[in-house]
Amino acid sequence: MTTDLSIPLAVAVTGAGGSGAITAGAILLEAVAAAGLYGLLRRSVGPQIRGGESAALLRFGPRPVHCAGDRCDLLAALDWANHDRFADEIPLDAASLVLADPAGGELPAAVRASGARIIEIGFAAAAAGPGAGHANMVAVGAVGALAGLPLPALLDGAARLLGGKGEAVVTAASFGIRAGFELANPAAALRPAAPLPIQLSPRWRLTGNEAAGLGALRAGVRFVAAYPITPASEMLEWLAPRLERLGGALLQAEDELASVNMIIGSAFGGVPALTATSGPGLSLMLEGIGLAVASETPIVVVNVMRGGPSTGIPTKSEQSDLNAALYGLHGDAPHLVLAALDIADCAHTTAWAVRLAWRLQTAAIVLSDQALGQSRAVCEPLADSSGAEPAARLPAAAGTGPYHRYADTADGVSPMSIPGEPGLAYTADGLEHGASGAPSSRAADHLAQLDKRLRKLADFDFGPDWADIDGAGAENAALCLVTFGSCRGVVVEAAARLRSSGLAVTTVALRLLLPLQRDALHAAIGTAAVLVVEQSHGAQLFRYLNAERALPAAARSLARPGPLALTPAEVVAAATAALADGAPA
Amino acid sequence: MTQTADPAAPHRDAIPSLRAKDYKSDIKPVWCPGCGHFGVLAALTKTLAYLDIAPEQAAVVSGIGCSSRLPAYLSGYGFHGVHGRALPVASGLKAARPDLTVIAAGGDGDGFSIGGNHFLHACRRNQDLTYIVMDNEVYGMTKGQASPTTPPDWAKSKLTPHGTGMPRFKPAAIALAAGAGFVARGFAGDPNGLTELLAAAIQHPGFAFVHVLSPCRTYRPEQQDWKTEVHPCVLGPAHDIAHAAELLQRDDGLALGILYEQRFPVYADGVSADAAGRLADIEAELCR
């Protein structure tokens, strides 16, 4: 039995698509919450709706969990169908425990070869008793017993998740869970049963897609245009009924070309608007994003990244849309690119992006990814920034002279009128224009407007939110791990391990990628050796930071594509190699 | 529903009666002398004056092309976006601001080729929008290429020296098939008749499509003959879709008037000030 209870426990439930593995994982996460613990539930599914493969990957413990672990402690296989498709996402070793249904097919060779301890439990047979349960619920009970989740928490979790489906469903689930709990041999338990908390402090249970939706609502978004795409659709589905409750509206568009232009129309009308998409949709939206930049119409596009290029791997995570977000627009088009750092931070970063887009009258792309968007966490609630107001424009006032929508002001931001306001009418234009908005191809107008649109962003004080910085501080650090987006979780966990071995480590997780806060990044790095960590094949962040001369010459890169999550051990190994490799320490 | 974007926005106390010229801006059009689009601009300003719509309460949205320059020539609010996307911008604006009169405008290439998908779905979505397509059967701004409505044997474009060989896009019939409830055809050379059609279109509850024959003097000089060829649609307007389909099957493309009018439920989902819900309740649900 693992003695250090602070180390998160990694549990997987797998089965054919439709076997209920994902539901089992969701109930276990609810049980984690009921036991007063923190958890992260990732899902790995194939492209098929039914009959493919599905895995619920849960990691939980007494402290917040933000990334996948190095290994799997406990696997419950409802069956072995298509196990090879995700076997490498569930690393087993001699210390792992595998619960296998003898009726679920032959044990895969790779599982046998791992040396993991195999315990046979007849999930399906136990479910077939008088209560008519389901095999996946028996697995919930057995996993819970061996992972130290108390039976009342498991039953509470099932009631919470399935309560909406009626009493009979909850009763059947409870039967299965009890049966599984009793089948598990207490001597094999990996953890002692966690004591039930006397009082539960309020915690969020939400996905990154839901958190991003919440951030949008907090910042005043009241119009959303939506075209479905994996893995962003849930954000739009979460928003649809909630926008309605708040007097907002969601319009399903015919394609992504339409959705980005619809939100431009809304913002032109003065109503903060947003859309969400993934790589292929982002490609289609780029022309519209450029229009928002040129016409100075504030919009926000949340891009939930998946494996690319082209259709790529729609159901699995990668950070490879960074280049498209940074460089995809034609012409010189200064805009904002932000990245959410964890599930709860999807709310903060999205809200910040909406407020910035309105403050600076430009387009913002928020990068999330499948690992944030479709994973569900039990985490601390994250309050909206203190005193934060809904997104607002710099209003225009009718004066004596004609109104100049694109007036060349000191900070580059011009007062913005909206339809309905008399004396302030103008035509917004994607054609280059003069201060009034009238189209112009004159060199002086082009230069003045290019300068103005750049100055808005270059001179703005973004404050401390540009990055999440943790650790030794620039004067003391021997190593600085630089990352962005969802890789913050794995980098922070790796840094903690490196520190426990005596190394002074700083982590810098970039939330604002464009405009790059280069001076602040220099200051945060100091004289430390640098390792840039990201989940792409092309080392997109590393190349970007180098192009911007933001890194010391000896900086190293750890860039690996999806779909496998980066692990803390991988980051520790790369950091150790980078230091040993002669980088200045 | 009233607009909620900015309660502090100034309001016009009383709308004075305005004349057509009050709806024109002081920007000189880029159009060639004799271009049909001047007639559409004149008809639209007359229409807005006739309907007594304050300039700031109307927004005209366009894409790219000669005709899409229209918004800047008006004194109200306008949005000159990218090629083919006038309708999505108009849809988003109308959903966000149901209080506004929203008009999308553009040409045949913009609306039927690059923007063809949006045309289909705007017809069936049936928001309360007006869509004016100034059809001259040619790409003018890029100097004379065949558009979807160009006859198949028109061989004067360097791009298609043997003609397109493709049957023409039939805007009115396609609008009907896609679910539009108001389909009309006007002629730029008949500003009074066009004004009546535009007024009816704006007043129609739901999506209203006005197909305007608007001659291109430069690349399609033969269209000057349209003024003797157009004729009233004696059999219209149809109020029954089967009747309308039959009428449009026999249509020579030059019949003017309301071709089809039928009231369908208007897509009314939009931003509203009178919501009962509170964000705090949504936040609380996340903690359960």
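Tabulated data for the structure shown
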read-out: Segment A:89-146 - Kirkwood radius from inverse mean 1/r over Cα pairs (Å); value: 12.3
read-out: FRET efficiency, A:Ala398 to A:Asp451 (Cβ-Cβ, R0 22 Å, nearest 0.05); value: 0.25
read-out: Residue-span extension gain [A:Arg245 to A:Arg117] - 0.36 nm each, minus C-alpha spacing; value: 40.9 nm
read-out: Rounded tilt (10° steps) of A:151-162 against the dominant C-alpha axis of chain A; value: 50
read-out: Given charges at beta-carbon only (K, R positive; D, E negative), |dipole| of the protein assembly as shown in Debye; value: 400
read-out: Segment A:205-379: relative contact order as a whole-number percent, Cα under 8 Å and 6+ apart; value: 31
read-out: Cβ-derived FRET efficiency at R0 51 Å, A:Asp255 paired with A:Asp581, nearest 0.05; value: 0.60
read-out: Rounded to 10°, Cα long-axis angle of helix A:443-458 versus longest principal axis of chain A; value: 40
read-out: Cα shape, segment A:9-188, gyration tensor, a/c 1.5 rule; value: rounded
read-out: Cβ neighbours within 10 Å from other chains - mean over B:66-76; value: 3
read-out: Kirkwood hydrodynamic radius (C-alpha pairs) into Stokes-Einstein, segment A:466-580, 25 °C and 0.890 mPa s, D in µm²/s; value: 179
read-out: Kirkwood Rh in Å, taken over all unlike Cα pairs in the protein assembly as shown; value: 29.5
read-out: Sorted by Cβ neighbour density within 10 Å, fewest at the top, the residues B:His231, A:His66; value: B:His231, A:His66
read-out: Helical contribution to [θ] at 222 nm, DSSP H n ≥ 4, -39,500 (n - 2.57), averaged over chain B, rounded to 500; value: -7500 deg cm²/dmol
read-out: Using alpha-carbon coordinates, inclination of helix A:21-34 to the longest axis of chain A, degrees; value: 90
read-out: In nm, spacing of pseudo-spin labels at A:Asp84 and A:Ala444 (7 Å Cα→C-beta vector); value: 7.2
read-out: Per DSSP, loop GluC sites (Glu not before Pro) in segment A:80-176 with at most 14 further Cβ within 10 Å; value: A:Glu106
read-out: Dipole of chain A [Lys/Arg +1, Asp/Glu -1 at C-beta], most positive-end residue of A:Thr23, A:Ser414, A:Asn323; value: A:Thr23
read-out: Cross-link pairs beyond the 25 Å C-alpha cut-off, checked among B:Lys21/B:Lys143; B:Lys156/B:Lys227; A:Lys316/B:Lys94; B:Lys170/B:Lys227; A:Lys456/B:Lys94; B:Lys24/B:Lys94; value: B:Lys21/B:Lys143; A:Lys316/B:Lys94; A:Lys456/B:Lys94
read-out: Contact order relative to length of chain A, as percent, for alpha carbon pairs under 8 angstrom and 6 or more apart; value: 12
read-out: Per-residue [θ]222 nm for chain A (sum of -39500 (n - 2.57) over DSSP H runs n ≥ 4, rounded to 500); value: -10500 deg cm²/dmol
read-out: Ranking of A:Val143, B:Val89 by count of other Cβ atoms within 10 Å, fewest first; value: A:Val143, B:Val89
read-out: Efficiency of FRET from Cβ geometry, B:Leu286 and B:Leu18, R₀ 60 Å, rounded to 0.05; value: 0.75
read-out: Residue-averaged beta-carbon neighbours from other chains (10 angstrom radius) around A:425-438; value: 6
read-out: Inter-centroid distance (Cα atoms) of segment A:254-278 relative to segment B:139-168, Å; value: 33
read-out: Sequence of A:Val300, A:Val491 once ranked by neighbouring C-beta atoms within 10 Å, starting from the fewest; value: A:Val491, A:Val300
read-out: Shielding by partners - mean other protein chain Cβ count within 10 Å, residues of B:184-193; value: 0
read-out: Neighbour net charge for A:Leu545 - beta-carbon separation under 13 angstrom, K R +1, D E -1; value: +2
read-out: Ratio of the Cα radius of gyration of segment A:205-379 to 2.2 N^0.38 Å, where N counts its residues; value: 0.90
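Taken together, the values in this text are just the output of simple stated rules run on the coordinates, not laboratory data. Owing to the predicted nature of the structure, the values given are computational and were not obtained by experimental measurement. Ideal geometry is used to build each Cβ from the backbone, glycine not excepted, and the neighbour counts take in all protein chains shown.
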